[in-house]
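Coordinate-derived values only; no laboratory data. These figures come from a predicted structure and were not determined experimentally. Here Cβ is always computed from backbone atoms with ideal geometry, including for glycine, and neighbour counts include all displayed protein chains.
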Amino acid sequence: MNQAKKDFLSLATPPARLGIDETAWFLGFTEHDIPVLISEGLLKPLGRPPATGSKYFATVELQNLRNDTRWLAKASDAIVNHWREKNAGRRAKVERQITALG
């Protein structure tokens, strides 16, 4: 665990809004999982940030999600399915390349 993550998780009172990396740490996901959760509609950033802009999340809402085992299961399944589909597409591409060569 890196020092920034350790320092953040040891705060008695976290800030009212968290960035993507802090949100990931707080919920127990990785930073690259957060955009997947947003795209699946399972996590909503504060305000209306542009697609490429910084996104922040309300700590009070994240605490509610963190305590919701159904949401955690749904979010975990969404992450697994996302990477399964992404990797299946890569495998299919490699198989097409192999077929074209052979």
Principal-axis tilt of helix 69-101 within the chain, Cα atoms, nearest 10 degrees: 30
Net charge of Cβ neighbours under 15 Å - reference Val80; Lys, Arg +1; Asp, Glu -1: -1
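If packing is taken as the average number of other Cβ atoms within 10 Å across a peptide's residues, how do 13-20, 64-71 rank, most packed first? Provide the component values of the computation, followed by the final result.
Details: 13-20: 14.5, 64-71: 11.8.
The densest-packed peptide leads the list: 13-20, 64-71.
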Calculated Rg and Dmax of the chain using C-alpha coordinates, Å: 17.1, 61
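Ranking request for peptides 31-42, 51-62: highest mean number of other beta-carbon atoms within 10 Å first, then the rest in descending order.
On the way: 31-42: 15.7, 51-62: 13.7.
Packing order, densest peptide first, comes out as 31-42, 51-62.
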